[in-house]
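A.B. asks: Below: one structure in structure tokens.
The values are calculated or read from the model by the stated rules, or taken from the named source; none is laboratory data. Quantities reported herein were computed from a predicted structural model and do not represent experimental measurements. When we count neighbours, we look across all protein chains shown, and the Cβ atoms used for this are built from the backbone with ideal geometry, even at glycine.
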Amino acid sequence: MSVHFSEGLAKHGPELGVKSGPSWITEAHDDLMSRNSAYQAVMGERTTVLSPAQATADNATREFLKAATKSFRVDLGERWNQSWAETGMLGSTAIPSKQTEREALLNTLADYLTKHPQFENAKMSVTASRAKELYQAMILARTNLNTNKADQKTARQARDKAANVLRKRLRAVISDLDTALEPSSPLWKAFGLNEPVRRSKSDVAKAADKAAVKAEKNAQREAAKAKRAAEKAEEKAAEAAEKAMKARQTIQGLGTRAGADSAKAGVTESDVALEG
């Protein structure tokens with residue numbers, strides 16, 4: 001509707017004595033669109049870049065913690081005992097269910113492996129340097145998401161402020177038109193407005209609000225579409241990561257089983273040789 005206002009001012013503003021020019025409305029409208037695009041961009045960055053980055057870092061952390069637990073069992077025991085306490089695993093060798101707890105455990109393990117390099121397992125990538133690398137990745141991902149959250153708030157406030165500016169300017173134009181036009185004038189249509197029978201000050205505000213809200217809703221619809229598309233992309237990325245993790249676990253399981261079968265076959269052949 002703000003486009004109709006600008007076109008109406010360009011064609012009929014001077015003859016009606018309306019002080020505001022079309023650029024006054026166009027500038028406010030363009031600023032709202034620009035602010036909304038900025039808000040969409042910040043939201044899109046979170047769903048398409050930052051959240052997937054955090055998920056990737058967390059998946060890598062889970063894999064590391066699983067490998068570390070498996071490696072430590074050789075020296076510290078299959079079940080939790082006091083020897084495990086220094087690793088940061090308290091009361092259980094289970095991987096923490098909360099991301100913040102996994103992050104904290106990762107940091108403790110980095111210190112533990114630095115103090116006790118004999119427990120590092122390079123073959124399984126259970127090293128102090130790897131723990132530190134993953135910890136920094138987790139910290140960075142969380143920091144980026146927190147920064148993005150603050151940026152979203154700033155961008156949303158800027159968009160809402162721009163919407164209020166447009167709303168006030170539309171109200172001002174409608175107020176001028178109330179003075180310049182008769183209620184039955186066909187020129188109301190040129191501004192995208194219905195011909196008023198009687199128009200009060202509250203009607204002026206309502207009409208301006210309606211025009212501004214319509215422009216804002218159009219912008220929000222575009223933001224919602226972009227958000228839905230980004231969420232679908234995020235879901236696909238998470239599914240792909242989960243499939244990759246399951247595939248790695250399956251391959252590792254097959255390798256372990258093949259090793260066990262080979263060992264069993266070796267024992268059988270040895271027994272046969274002794275019997276012969």
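A.B. asks: Hey, among the residues in the range 170-180 that are touching a residue at least 40 places away in the same chain (Cβ under 8 Å) and surrounded by fewer than 21 Cβ atoms within 10 Å (Cβ to Cβ), which one's farthest from Glu27 (Cα to Cα)? Don't jump to the end; show me each part of the working.
C.D. replies: First, pick out the residues of the range 170-180 that are touching a residue at least 40 places away in the same chain (Cβ under 8 Å): 170, 172-173, 176-177, 180.
If we keep only those that are surrounded by fewer than 21 Cβ atoms within 10 Å (Cβ to Cβ) as well, we get 172, 176, 180.
On the way: Ala172: 15, Asp176: 19, Ala180: 23 Å.
Ranking the qualifying residues of the range 170-180, first place goes to Ala180.
A.B. asks: Out of the range 76-111, which residues are under 19 Å from Arg62 (Cβ atoms), free of Cβ contacts under 8 Å to residues at least 12 places away in the same chain and in a helix (DSSP H, G or I)?
C.D. replies: Thr100, Glu101
A.B. asks: Can Asp58 be described as charged (D, E, K, R), under 30 Å from Arg156 (Cβ atoms) and touching a residue at least 24 places away in the same chain (Cβ under 8 Å)? It would help to see each step written out before you state the result.
C.D. replies: Working: charged (D, E, K, R): yes; under 30 Å from Arg156 (Cβ atoms): yes; touching a residue at least 24 places away in the same chain (Cβ under 8 Å): yes.
When the stated conditions are applied, Asp58 passes them.
A.B. asks: Only one residue in Leu140, Leu76 is farther than 30 Å from Arg167 by Cα and out of contact with any Ser or Thr (no Cβ under 6 Å at 6 or more places or on another chain), so which one is that?
C.D. replies: Working: Leu76 fails: out of contact with any Ser or Thr (no Cβ under 6 Å at 6 or more places or on another chain).
Within the list Leu140, Leu76, the selection yields Leu140.
A.B. asks: Can you give me the number of residues within the range 17-51 that are within 8 Å of the chain's Cα centre (by Cα), crowded, with 16+ Cβ neighbours inside 10 Å and over 18 Å from Glu222 (Cβ atoms)? Even if it seems obvious, please write down each step before you answer.
C.D. replies: In the first step, residues of the range 17-51 are kept if they are within 8 Å of the chain's Cα centre (by Cα); the result is 43-51.
Within this subset, residues satisfying the condition of being crowded, with 16+ Cβ neighbours inside 10 Å are 43-48, 50-51.
Now restrict to residues that are over 18 Å from Glu222 (Cβ atoms): 50-51.
Of the residues in that region, 2 qualify.
A.B. asks: Here is a further query. Restricting attention to the range 65-123, which residues are closer than 20 Å to Ile139 by Cα and aromatic (Phe, Trp, Tyr)?
C.D. replies: Listed by number, the list holds a single entry, Tyr112.
A.B. asks: Looking at Ala150, Ala128, Ala155, Ala162, can you tell me which residue is exposed (fewer than 14 other Cβ atoms within 10 Å of the Cβ), modelled with pLDDT of 95 or more and among the small types (Gly, Ala, Ser)?
C.D. replies: Going through Ala150, Ala128, Ala155, Ala162 in turn, just one is exposed (fewer than 14 other Cβ atoms within 10 Å of the Cβ), modelled with pLDDT of 95 or more and among the small types (Gly, Ala, Ser): Ala150.
A.B. asks: Could I ask something else about it? Any residue that is closer than 29 Å to Lys232 by Cβ and either acidic (Asp, Glu) or surrounded by fewer than 18 Cβ atoms within 10 Å (Cβ to Cβ) (or both) - is there at least one of those in the range 101-112?
C.D. replies: Here is the first cut: in the range 101-112, the ones closer than 29 Å to Lys232 by Cβ are 102-103.
The next check asks that each one be either acidic (Asp, Glu) or surrounded by fewer than 18 Cβ atoms within 10 Å (Cβ to Cβ) (or both); those that pass are 103.
So far as the range 101-112 goes, yes, one or more of its residues are closer than 29 Å to Lys232 by Cβ and either acidic (Asp, Glu) or surrounded by fewer than 18 Cβ atoms within 10 Å (Cβ to Cβ) (or both).
A.B. asks: Same structure, new question: For the range 147-169, how many residues meet the condition of being of a type in the set (S, T, N, Q) and touching a residue at least 60 places away in the same chain (Cβ under 8 Å)? Break it down into steps so the answer makes sense when it comes.
C.D. replies: Of the residues in the range 147-169, the ones of a type in the set (S, T, N, Q) are 147-148, 152, 154, 157, 164.
Checking the rest, the ones that are also touching a residue at least 60 places away in the same chain (Cβ under 8 Å) come to 148, 152.
So the count comes out to 2.
A.B. asks: A follow-up question, please. Answer yes or no as to whether Asn194 is modelled with pLDDT of 90 or more and surrounded by fewer than 14 Cβ atoms within 10 Å (Cβ to Cβ).
C.D. replies: Numbers: modelled with pLDDT of 90 or more: no; surrounded by fewer than 14 Cβ atoms within 10 Å (Cβ to Cβ): yes.
For Asn194, the condition - modelled with pLDDT of 90 or more and surrounded by fewer than 14 Cβ atoms within 10 Å (Cβ to Cβ) - is not met.
A.B. asks: Hey, any hits in the range 44-53 for a residue that's touching a residue at least 40 places away in the same chain (Cβ under 8 Å) and farther than 30 Å from Lys161 by Cα? Please lay out each step first, then the result.
C.D. replies: Step one: filter the range 44-53 for residues touching a residue at least 40 places away in the same chain (Cβ under 8 Å), giving 44-48, 50-53.
Within this subset, residues satisfying the condition of being farther than 30 Å from Lys161 by Cα are 52-53.
Looking through the range 44-53, at least one residue is touching a residue at least 40 places away in the same chain (Cβ under 8 Å) and farther than 30 Å from Lys161 by Cα.
A.B. asks: Further question: So which residues in the range 80-91 are surrounded by fewer than 11 Cβ atoms within 10 Å (Cβ to Cβ) and modelled with pLDDT of 95 or more?
C.D. replies: Those that are surrounded by fewer than 11 Cβ atoms within 10 Å (Cβ to Cβ) and modelled with pLDDT of 95 or more: Asn81, Gln82.
A.B. asks: Okay, next question. Does Arg73 fit the bill of being over 29 Å from the mean Cα position of the chain (by Cα) and not in a loop (DSSP other than H, G, I, E, B)?
C.D. replies: Values: over 29 Å from the mean Cα position of the chain (by Cα): yes; not in a loop (DSSP other than H, G, I, E, B): yes.
Considered against the rule, which asks whether it is over 29 Å from the mean Cα position of the chain (by Cα) and not in a loop (DSSP other than H, G, I, E, B), Arg73 comes out as yes.
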